[in-house]
Each structure stands twice: as structure tokens, then as C-alpha cells.
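Down below is the structure, laid out as C-alpha cells.
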Amino acid sequence: MYNNGHELLQIAKEKELSLSAVVIEAECKLSNKSKEEVIGEMQDVLKVMLEAAEYGLKNDVKSVGGLIGGDAKKVARSTKTLCGTMINKVMARALSCAEVNASMGRIVAAPTAGSCGILPATIITAAEILDVDEDGMINALFTAAGIGQIIAKKGTLAGAEGGCQVECGAASAMAAAAIVEMAGGPPETSLNAGAIAIKNIMGLVCDPIAGLVESPCAKRNASGAVNAMISADLALANVKSVVPFDEVIDAMFKVGRALPVELRETAMGGLATTPTGIKIKNQIYREENQ
Amino acid sequence: MREYSAFDILGPIMIGPSSSHTAGAARLGKVARNIANHGFESVIFHLHGSFAKTYRGHGTDKALLAGVLGMEPWDERLKVSFDIAARKGLKVEFIETDLGYEHPNTVKIVFHYLDGREVQITGSSIGGGNIVITKINGHNVEITSEYPTLFVTHNDRYGTVSRVTGTLSRGHINIATMNVSRKSRGEEACMVIQTDSEVSEEIIEEILNIPEVISARVIN
């Protein structure tokens with residue numbers, strides 16, 4: 001199995017396969033299952049993603065901690081936009097997943113619950129733009145999983161270890177690589193898009209207010225999804241990442257290790273310890289203790 | 001280097017908001033329920049560390065209770081587990097506590113039965129929805145529930161271990177890992193046996209018939 005981006009590209013080249021085909025083949029071997037079985041499992045994943053990305057567009061969602069909810073619907077219905085309705089759609093879908101997650105609804109951790117909106121939002125919206133069917137979306141999810149496997153193997157996908165960059169950043173890279181394949185880009189272009197996506201958010205800290213997966217997590221899902229779309233477009237325009245994918249990933253982990261513990265999911269720094277963040281935390285804990 | 005499945009990356013399918021504080025909590029509750037005998041009339045959850053601090057905001061309490069009621073981490077009824085418990089007449093209590101040197105996401109679940117007995121199970125949610133059970137009624141164990149797991153308590157006498165493993169062997173069940181420990185010499189001891197295939201109720205019955213065996217439970 002591939003341990004890094006370079007090996008993944010080599011296998012794709014030698015076998016003349018798409019990235020998704022390489023990932024599917026590896027998955028069959030690892031799990032000792034048939035191609036039909038692993039594709040069936042991914043269909044279940046996609047089904048939950050589609051529901052989570054849709055629910056918040058039409059329903060008023062309220063998070064358990066009460067910090068977020070209703071934003072997906074607002075963005076989906078907004079007519080004032082500078083970036084265009086497509087970007088609003090991507091953001092609304094990402095927000096919807098984050099709101100469903102924060103209100104104890106059903107989601108797919110992709111790669112984590114806190115970053116669960118980025119992949120569904122980009123894949124669904126790219127499928128609309130490119131007129132790609134369900135099979136194409138399933139393939140894209142396998143490509144995304146392949147990028148995630150490499151990031152997990154080389155380091156971590158836990159915000160407590162590497163900050164938000166390894167959760168929302170990883171999700172962005174996975175999504176960017178996946179939608180490049182949907183758009184017909186070759187494997188190198190997918191990895192370029194992934195590298196660009198991570199470079200764009202490198203250093204992003206994990207500083208959840210009151211320790212809850214609500215604020216700023218939901219908006220970082222929205223921006224992470226847009227980051228994936230623009231990184232894919234840069235790569236598809238043949239813009240190359242100066243630093244190759246594997247080196248970018250390694251740099252991200254080094255940055256993660258250099259982050260103080262206050263900025264790694266402990267809610268002891270960043271937005272969590274702003275006057276507003278502390279006020280919200282105190283309110284929530286006071287309610288808990290009553 | 002560990003190999004990751006595509007579904008380790010895109011998964012689990014779960015009820016939010018947190019894989020460790022919600023999905024892992026539901027799994028902890030479910031595994032604890034399977035280890036304890038059914039028919040309990042009340043459950044007390046002793047929450048430690050981050051579980052104690054942030055349980056309401058993450059729905060950890062609802063998820064733990066849902067697990068104890070038999071729900072899976074992806075069950076949408078997880079949200080309303082308190083209502084379901086109330087309908088079933090199950091008494092529930094959550095206590096914030098300090099369990100000492102434990103993983104930050106740890107809970108001690110105490111099941112109470114009508115006849116006054118109780119079963120105490122401690123476990124931790126160790127990330128990504130994965131869990132480990134670390135104590136059962138004072139016995140130190142390590143149960144991750146990745147494999148079917150057999151938990152047997154017995155009197156510390158010669159031949160008991162071989163009778164239990166002999167029963168598994170006759171049932172064509174291969175043992176993957178096995179751990180035997182005791183409170184002290186000649187006292188109550190326990191076995192945690194992970195197997196490659198599921199252990200049937202008939203085999204459990206057979207194990208319960210072995211002299212010196214006190215209890216036997218399987219988490220398939």
C-alpha cells in the first residue's frame with residue numbers, strides 16, 4: 001500500500017489507473033472484501049453525507065451548546081453575493097453538515113466530526129457543476145480517502161495533536177484532490193490541489209469556544225470547502241505547488257508540533273479565551289451546574 | 001506503520017458532535033451494557049476529566065445513556081435517550097467526579113439490580129470513536145471490543161483456565177489474545193479472551209457449568 005503521495009502517484013502511473021481506482025484496489029486487499037462490497041459501503045457514506053448537507057438548508061437547526069444554527073439556511077437563501085451563488089451553495093452545505101453535527105444529528109466523520117462538512121459540500125456541489133453521477137461521487141470519495149490515509153499515516157488527523165490544520169486542512173486537501181479527479185484532472189493535478197489547499201491554511205489553530213464543536217468550527221468548514229474549490233481550480237489551471245505534496249504534509253505536522261497546547265483543542269487559547277469566548281463558556285457552565 | 005482503511009478516514013457514520021465525546025460515549029455505554037447483566041433498575045455514571053467538564057455540550061450524557069439502552073452510535077434516537085429511559089422506568093444519575101490517574105475521557109458506570117447487587121464498569125473513549133474498558137468489578141482489564149470478547153470470572157483454582165479454553169476449542173473457536181489476572185492468590189480471578197469468531201450462547205452456558213466459574217459474558 002502507498003505510504004505517501006509519491007508512492008500513490010507511482011502506482012497510478014504504473015497501472016495506468018485513476019487515484020480512486022488505486023484506493024479501491026488497496027481497500028479490497030486490506031479489508032479482504034470485493035469491489036462491490038467496498039463500493040456498497042461507500043454508498044452508505046454518501047447517503048449520510050447527502051442528508052447532512054441538505055437538512056440545514058431547509059430546517060432551523062439549533063446546536064446543543066446554542067452557539068450555532070440557522071446559518072446554512074441564511075446563506076442558501078441569500079441573494080446578496082459577491083462570489084456568486086455557487087460559492088454560497090458550497091458554504092451553505094458545509095454549514096448544514098456542521099449544524100447537523102452540533103445538534104446531535106447523523107454525519108460522517110470526514111476525517112473528523114468537527115470537519116465533517118467540507119467533503120460533502122464540495123463533492124455534491126462539484127457533481128452539480130460537472131454533471132457527475134453517483135458513481136463519480138463515490139469514486140471521488142475514495143480519492144479523498146486515499147489522501148486522508150496518507151495524512152493519517154504520515155502524522156495525525158487529531159486536532160488535539162496538530163490543530164485545526166490537520167482536521168479542516170486535511171479535509172480541504174482530500175476534497176480538493178477528489179474534485180480535481182471529478183473534473184477529469186490527472187493524478188498529479190489532484191496532489192497539487194491537495195498541496196495548495198494545505199498551504200492555504202497551514203498553521204490554523206484549534207480553539208473551540210467552551211470546548212464545543214460549534215464556534216469557530218462551523219465557519220471553518222465553510223471556508224475549508226471554499227478553499228478546496230479554489231485550490232482545485234488553481235491546480236486545474238496548471239498552477240503548480242512550489243513545494244511538493246509530501247513535503248507540505250510534513251511541514252504541516254512540524255507546525256502542528258510547534259503549536260502550544262493552548263491552541264490544540266484545549267479551549268485554553270485563541271478565540272476560546274477572548275472576552276466573548278470566556279463569557280459564553282461561563283454562561284454554559286453556569287447552566288450545567290444548575 | 002498502521003494501515004488505515006478508507007472507512008477509518010471517511011467514518012464512522014455517527015451522531016454528532018464529537019467522535020470521542022459522543023460516538024465513543026455511546027459505544028462505551030453499549031459495551032458496558034453487554035458486560036453487565038440485563039435487568040438493572042438504575043444506572044449511575046461517574047464522569048471523569050473532560051467527560052465531567054463538557055458532557056452536556058457534547059451530549060455525552062445522552063450518548064452514554066443511549067448506549068446503556070442498547071443503541072448504536074449512529075442511532076438518531078440518541079438525542080432523546082433520556083425520554084426513552086424514563087418511559088422504561090430506568091433511574092439515571094450523572095455524577096462529576098475525579099477517578100484519579102485515568103484517561104481524560106473516562107466514565108465509571110455502575111449498574112444496580114433489584115436484589116441489591118451492582119456491577120461496576122470503567123472505560124475510556126480514546127479517540128475517533130474507539131474505546132477501551134479498563135475495569136470490571138475491580139478487575140483490571142483491557143477490552144477494546146474490536147474482536148468478540150469473552151469475560152469470565154472464576155475462583156483461582158487449577159484447571160479452570162484449561163476447562164474454559166477447552167470448551168472454546170471444542171466449539172472450533174480460535175483464541176486471538178488472552179489475559180488472566182486475580183485479585184490475590186486463591187481469590188476471585190478473571191479471564192479476558194478475544195476470539196476470531198463469535199461465541200454462541202450454548203458455549204457460554206457450557207462455560208457457566210464449569211465448577212469454579214462464577215460468571216461468563218460475551219461481547220460479540
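Observations on the model:
- For chain B, averaging the sequence separation of C-alpha pairs within contact (under 8 Å, six or more residues apart) and dividing by the residue count gives a relative contact order of 20 percent.
- Two-decimal ratio, region A:134-290, of alpha-carbon radius of gyration to 2.2 N^0.38 Å: 1.13
- Alpha-carbon geometry of region B:1-129: the Rg and the Dmax are 14.4, 50 Å, given in that order.
- Solvent-accessible area buried by B and A, counting both chains, probe 1.4 angstrom, square angstrom: 3000 Å²
- When the protein assembly as shown is described by a simple charge dipole with +1 on each Lys and Arg Cβ and -1 on each Asp and Glu Cβ, the residue from B:A85, B:G24, A:A140 located farthest towards its positive end is B:A85.
- Placing unit charges on the Cβ atoms of the charged side chains and taking the dipole of chain A about its Cα centre, the candidate lying farthest along the positive direction among A:N88, A:I230, A:A158 is A:N88.
- Farthest towards the positive end of the charge dipole of the protein assembly as shown, among the residues A:P111, B:F40, B:H58, is the Cα of B:H58, using unit charges on the Cβ of Lys, Arg, Asp and Glu.
- Nearest-20 debye value, region A:141-278 charge dipole, Cβ charges on Lys, Arg, Asp, Glu: 100 debye
- Length released on extending from A:A251 to A:M86, taking residue separation times 0.36 nm less the Cα-Cα span: 56.2 nm
- Order of exposure, largest accessible area first, which applies to A:L119, A:L82 with probe 1.4 Å: A:L82, A:L119
- Amide H contacts under 5 Å for B:L99: B:G49, restricted to partners 5 or more places along the chain or on a different chain, H placed in the peptide plane at 1.01 Å from N.
- Label-point separation in nm, B:E76 to B:I126, each point 7 Å along Cα→Cβ: 3.3 nm
- Legend: translational diffusion of the protein assembly as shown by Stokes-Einstein, Rh = Kirkwood radius over C-alpha pairs, 25 °C, 0.890 mPa s; D = 103 µm²/s.
- Helix B:24-35 vs. chain B, principal-axis angle (Cα, 0 to 90°, nearest 10): 30 degrees
- Within the assembled protein chains, the solvent-accessible surface assigned to A:D135 is about 100 Å², based on a 1.4 Å probe.
- Debye, to nearest 20: dipole size of chain A, +1 on Lys, Arg Cβ, -1 on Asp, Glu Cβ: 960 debye
- Förster radius 22 Å - calculated FRET efficiency between B:I84 and B:D115, Cβ distance, rounded to 0.05: 0.35
- Using the Karplus relation 6.51 cos²θ - 1.76 cosθ + 1.60 with θ = phi - 60°, the per-residue 3J(HN,Hα) values for region A:204-219 come to 4, 8, 10, 9, x, 5, 6, x, 9, 7, 9, 10, x, 4, 4, 5 Hz, with x marking Gly and Pro.
- The mean number of partner chain beta-carbon atoms within 10 angstrom of a residue's beta-carbon across peptide A:141-154 is 3.
- Contact order for chain A, expressed relative to its length and based on alpha carbon pairs under 8 Å spaced 6+ residues apart, stands at 19 percent.
- Simple Cβ-charge dipole of the protein assembly as shown, Lys/Arg +1 and Asp/Glu -1, about Cα centre, in debye nearest 20: 1320 debye
- Computed over region A:60-151: relative contact order in percent, which uses C-alpha pairs under 8 Å that are six or more apart: 23 percent
- 3J(HN,Hα) couplings calculated from phi for region A:105-115 with the Karplus curve 6.51 cos²θ - 1.76 cosθ + 1.60 (θ = phi - 60°) are, in sequence order, x, 8, 9, 10, 5, 9, x, 10, 5, x, 10 Hz; Gly and Pro show x.
- A Förster radius of 35 Å combined with the Cβ-Cβ distance from B:H172 to A:K33 puts the calculated FRET efficiency at roughly 0.90.
- Efficiency of FRET between A:D131 and B:I44 - r from beta-carbon atoms, R0 56 angstrom, step 0.05: 0.50
- Relative intensity, log₁₀ I(q)/I(0), of chain B from a Debye sum that treats every alpha carbon as a point, q = 0.16 Å⁻¹: -1.11
The values are calculated or read from the model by the stated rules, or taken from the named source; none is laboratory data. This structure is a prediction, so every number in the text was calculated from the model and none was measured. Every residue, glycine among them, receives a Cβ derived from its backbone with ideal geometry; neighbour counts consider all protein chains shown. The protein model used for the area step is the full one, side chains on, heavy atoms only, and it has no ligands, DNA or RNA in it. Shrake-Rupley method; radii C 1.70, N 1.55, O 1.52, S 1.80 Å.
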